[in-house]
Amino acid sequence: MAKDLDILIRHAHLRRSDGLLDIAVKEGTIVEISPVISRSAEVEIDAGGSLVTESFVNPHLHLDKVYTLPMLDEQALRDYHGQDMGKAMTAIELAARVKEGYEEGWILENARRAIGLAAKYGTTHMRAFSDVDNKARLEGIKALIKAREEWRGQVEIQVVAFPQDGVVREPGTTDLIREALELGADVVGGIPWIEYTEAEAQAHVDAMFDLAVEFDKDVSMLVDDAGDPGLRTLEMMAVRAIRSGWRGRSLAHHARAMALYPMPYFQKIVALLKRAGTGLVTDPHTGPLHARVSELLEAGVRVCLGQDDISDAYYPFGRNNMLEVAFLASHLLWMTTTADMERLYDMITIEPARAIGLTKFRLEAGAPANLVVLGAPDVLEALREHAPPRHVVSHGKLLDQVS
């Protein structure tokens with residue numbers, strides 16, 4: 001007899017819900033959530049009272065650079081993590097040496113390893129950056145586009161064409177970003193603070209937004225990633241998003257200089273971010289400064305967490321495990337109350353999903369079936385253990401059964 005459902009999860013504990021519930025999945029969609037579902041399924045899972053939630057989303061990973069730390073000495077790492085991040089630009093210049101040997105084949109192999117970890121730890125969606133410049137050329141972009149297609153339906157990847165070394169100080173890069181978009185990159189990247197002057201930083205922002213508008217692409221920019229309170233590229237980005245009509249289609253990353261801003265200027269930034277609909281990805285575990293997360297959340301700005309790096313010139317650890325990222329953030333941000341932990345969990349699930357343009361990313365009837373069955377009863381224990389989920393469902397498919 002044919003089964004009515006594809007997957008049926010029984011005795012699940014959902015966040016902010018009383019009692020245990022069953023979850024029915026059919027043709028990639030959650031079709032019913034109720035205390036008892038009397039239907040048959042091809043795959044039936046007993047959650048046993050464990051927490052079941054939306055799967056995880058990593059909105060920031062330099063996927064072309066994963067596992068490249070052994071290719072370099074540790075000077076870039078020391079400079080990036082130095083006191084007040086005063087040598088952040090020097091660190092980026094040192095880290096660029098790895099691109100002298102960029103080649104699509106080894107980048108793809110490394111990317112596959114990191115994406116496999118994403119699947120293991122329940123990260124079903126990622127925004128993945130690849131450097132594009134005269135050194136990296138389009139090698140990383142080609143590798144990540146191949147990886148995107150290989151993992152489609154299991155781990156969805158948005159490929160970002162990222163001008164890591166600038167567009168004014170690195171002539172020809174804007175044309176290469178255009179080529180990357182023509183090849184199939186999904187998002188226009190940017191890092192305007194790396195330019196030498198404010199005028200050149202503004203030119204960087206404008207050039208990348210011009211391409212985004214031309215190709216109808218979202219924008220992800222790394223902004224103000226150093227210990228300099230005079231950095232102002234987050235403001236430039238938000239203003240350009242407003243003027244381009246790109247509300248909700250731009251995402252800022254890092255903004256570490258924000259930690260040093262005087263309050264009046266910080267309040268101006270908050271107002272601009274809200275008007276632009278610009279969210280912020282923070283990665284507090286990868287540097288000694290970080291954005292003012294609690295104040296941003298209190299003001300109603302969308303904030304989410306990213307892995308950022310996995311064993312590269314900027315960070316020696318990382319497993320594409322967003323529960324681990326949230327666990328670290330809980331300590332670094334002093335977000336340790338029950339309410340704080342729930343917010344942190346939102347910052348690795350529904351908030352980054354919204355930030356990268358995913359729709360209906362909720363554990364509710366009618367939504368796509370992207371979820372994890374954890375081995376923990378609640379968010380506190382999930383963060384404490386940050387263990388792999390017992391089961392991962394991506395686009396309605398049980399990844400345990402996908403070869």
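Hey, can you rank 14-23, 224-233 by average C-beta count inside 10 Å, highest first?
224-233, 14-23
Cα axis of helix 322-332 to longest principal axis of the chain: angle in degrees, 0 to 90, nearest 10?
60 degrees
Taking amide H atoms as placed 1.01 Å from N in the peptide plane, list the residues 5 or more away in sequence, or in a different chain, whose amide H sits under 5 Å from that of V31.
A24, V25, K26, G366
Short version: what are the Cα gyration tensor semi-axes of the stretch 122-173, square root of 5 times each eigenvalue, largest first, in whole Å?
Working from the Cα gyration tensor, I get semi-axes of 26, 11, 6 Å.
How would you classify the stretch 1-115 from its alpha-carbon gyration tensor, with a ≥ b ≥ c the square roots of the eigenvalues: rounded for a/c under 1.5, else prolate if a/b is greater than b/c, otherwise oblate?
Prolate, since a/c reaches 1.5 and a/b exceeds b/c.
Kindly provide the chymotrypsin sites (Phe, Trp or Tyr not before Pro) of the stretch 288-385 that DSSP labels as loop, not H, G, I, E or B, and whose Cβ sees at most 16 other Cβ atoms within 10 Å.
Passing both the DSSP loop test and the Cβ count: F317, W334.
Would you work out if the stretch 349-403 is rounded, prolate or oblate? Take a ≥ b ≥ c from the square roots of the eigenvalues of the alpha-carbon gyration tensor; rounded if a/c is under 1.5, else prolate when a/b is larger than b/c, oblate otherwise.
Verdict is oblate for the stretch 349-403.
Over the chain, what relative contact order in percent results from Cα pairs under 8 Å that are six or more residues apart?
Relative contact order, the chain: 21 percent.
What translational diffusion coefficient, in µm²/s and rounded to a whole number, does the Stokes-Einstein relation yield for the stretch 328-378 at 37 °C and a viscosity of 0.692 mPa s, taking the hydrodynamic radius as the Kirkwood radius over Cα pairs?
263 µm²/s
Sort D308, D216 so the one with the fewest other Cβ atoms within 10 Å of its own Cβ comes first.
Lowest to highest Cβ neighbour count: D216, D308.
Rounded to the nearest 5, what % of DSSP beta bridges with both residues in the stretch 60-182 are antiparallel?
Once the DSSP bridges in the stretch 60-182 are tallied, antiparallel ones form about 10 percent.
Once phi is turned into θ = phi - 60°, what whole-Hz ³J(HN,Hα) does the Karplus curve with 6.51, -1.76 and 1.60 give for every residue of the stretch 89-98, x standing for Gly and Pro?
5, 4, 4, 5, 5, 5, 5, 5, 4, 4
Pick out, from M341, A257, T233, the residue whose Cα sits farthest towards the positive end of the charge dipole of the chain, with +1 on the Cβ of Lys and Arg and -1 on the Cβ of Asp and Glu.
It is M341, whose Cα lies furthest towards the positive end.
Can you give the direction-averaged projected area of the convex hull of the alpha-carbon atoms in the stretch 39-101, in nm²?
For the stretch 39-101, averaging the hull's shadow over all directions gives 8.9 nm².
Quick one: what Rg and Dmax do you get for the stretch 233-277 from the alpha carbons, in Å?
In Å, with Rg to one decimal and Dmax whole: 10.3, 30.
In percent, how large is the relative contact order of the stretch 66-136, given Cα pairs closer than 8 Å and 6 or more residues apart?
Relative contact order here is 29 percent.
Got a sec? Charge dipole of the chain, +1 on Cβ for Lys and Arg, -1 for Asp and Glu; which of L21, A313, A329 is way out at the positive end?
Checked the options; the winner is L21.
What would the Debye formula give as log10 I(q)/I(0) at q = 0.20 Å⁻¹ for the alpha-carbon point model of the stretch 286-327, no solvent?
So the normalised log intensities work out to -0.72.
Mind listing the phi-derived Karplus ³J(HN,Hα) values for the stretch 384-397, rounded to whole Hz, using 6.51, -1.76 and 1.60 with θ = phi - 60°, and x for any glycine or proline?
Values per residue, Gly and Pro as x: 4, 8, 5, 8, x, x, 5, 9, 10, 10, 10, 6, x, 10 Hz.
When the Cα atoms of the stretch 89-154 are enclosed in a convex hull and the volume is divided per residue, what value in Å³ results?
Convex hull volume per residue, Cα atoms: 94 Å³.
So, with +1 on the Cβ of K and R and -1 on the Cβ of D and E, and no other charges, what is the size of the charge dipole of the chain about its Cα centre, to the nearest 20 debye?
700 debye
Which percent, to the nearest 5, of DSSP beta bridges fully inside the chain are antiparallel?
Around 35 percent antiparallel, to the nearest 5.
Would you mind checking the tilt of helix 173-183 against the longest principal axis of the Cα atoms of the chain, expressed as 0 to 90 degrees and rounded to 10?
30 degrees
Given the options V159, V168, V281, state which has the largest fluctuation in a GNM of the chain using a 10 Å cut-off (strictly under) for Cα springs.
V168
Show me, for the stretch 278-290, the HN-Hα J-couplings you get by feeding each phi into the Karplus relation (A = 6.51, B = -1.76, C = 1.60, θ = phi - 60°), rounded to Hz, glycine and proline as x.
8, x, 9, 9, 10, 10, x, 7, 9, x, x, 10, 7
Values quoted throughout were computed directly from the atomic coordinates according to the rules given, and no laboratory measurement underlies them. Bear in mind the structure is a predicted one, so any value in this text is a computation, not a measurement. When we count neighbours, we look across all protein chains shown, and the Cβ atoms used for this are built from the backbone with ideal geometry, even at glycine.
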